[in-house]
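Where a number appears in this text, it was derived from the coordinates with a stated rule and is not lab data. Everything numeric in this text was worked out from a predicted model, so none of it was measured. Note: ideal-geometry Cβ built from the backbone for every residue, glycine included; neighbour counts use all protein chains shown.
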Amino acid sequence: MESDQDVVHEGLSGRRVLVTGGSRGLGAAIVRRFAAAGATVLASARTPPEPGELPATFFAADLATADGAADLARRVLDTAGGVDVLVDNAGSASPPADTLVRSDESWESDLALNLLGAVRLDRHLVPGMVERGRGVVVHVSSIASRLPQPGQVAYAAAKAALNTYSRALAAELGPSGVRVVNVLPGFIPTPGAIAHHRKIAESRGVSLEQAQRDLATSLNVPMARPGSPEDAAELVVFLASDRARWLTGAQYRVDGGILPVV
């Protein structure tokens, strides 16, 4: 539970925050954590949460299209007048496929949401930050961008492109006082993944927790367990806060040590 002193220290009280992909999983955890820090939170996703489930003003939006990004930006500007923090979290992967037989449609689908969704929304909302001389953009990528999994090359490539875009944008916007940071979550099960893990657990006659620990072991996760959405949300909110005011243009992994880098 956040104390009043903690909220003031984070410097997020009253800040206008938009979280895309914010109706469940990691996005919902980010929404809740910003709200706990005193921010005014707006959220978007294709599927709305249950009424009253999240402490945010919600907008249904499909960021896989240019019109969807423009429409969301227009509604956010009409409602809040702009944002101080933009968390580009919306993303998904097309069904697994071997690289050489993957269709153009699946490549385009992964690029449209995981890369262009952020590019287009930034284009609409970040100029307001530049005019005000401050703001933070958080691009939620994935460790898949550096450790592609079999059958998911289009998703991994789109996230790798997002990483490069983030670095370039940070260099361009730094002189204006706007920071751009990049978060790479690791093995953090989504609601869909958890349902799949339950089926694995039932088939093996073990608990969900044991099935997930076994999967973490097979993935060589040093922490030997999956992370939680709250683990990643904590990093996102820290990077958006005044405590991280000297951080921009870099990637921050929250993966339990899975990437073998020094």
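Numbers at a glance
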read-out	value
Amide H within-cut-off set for residue 252, under 5 Å, with H built and near neighbours excluded	182, 183, 184
FRET efficiency, residue 92 to residue 238 (Cβ-Cβ, R0 35 Å, nearest 0.05)	0.85
Relative pair counts by distance (%), Cα atoms of the chain, 10 Å bins	7, 30, 37, 20, 5, 0
The stretch 151-165 - phi-based ³J(HN,Hα) in whole Hz, Karplus 6.51/-1.76/1.60, Gly and Pro as x	x, 10, 5, 5, 5, 4, 5, 5, 5, 5, 5, 4, 4, 5, 4
Listed residue (11, 119, 66) projecting farthest to the positive dipole end of the chain, Cβ model	11
³J(HN,Hα) computed for each position of the stretch 43-48 - Karplus, 6.51 cos²θ - 1.76 cosθ + 1.60, integer Hz, glycine/proline x	9, 9, 5, 5, 10, x
Cα Rg over Rh - the stretch 152-262, Kirkwood	1.06
Percent antiparallel among DSSP beta bridges (both partners in the chain, rounded to 5)	0 percent
Note, ³J(HN,Hα) from phi for the stretch 105-114, Karplus 6.51, -1.76, 1.60, rounded to Hz, x at Gly and Pro	4, 5, 4, 5, 5, 5, 5, 4, 8, 6
Least to most buried among 217, 190, 20 (fewest other Cβ within 10 Å first)	217, 190, 20
Order of 183, 206 - criterion: other Cβ atoms within 10 Å of each residue's Cβ, fewest first	206, 183
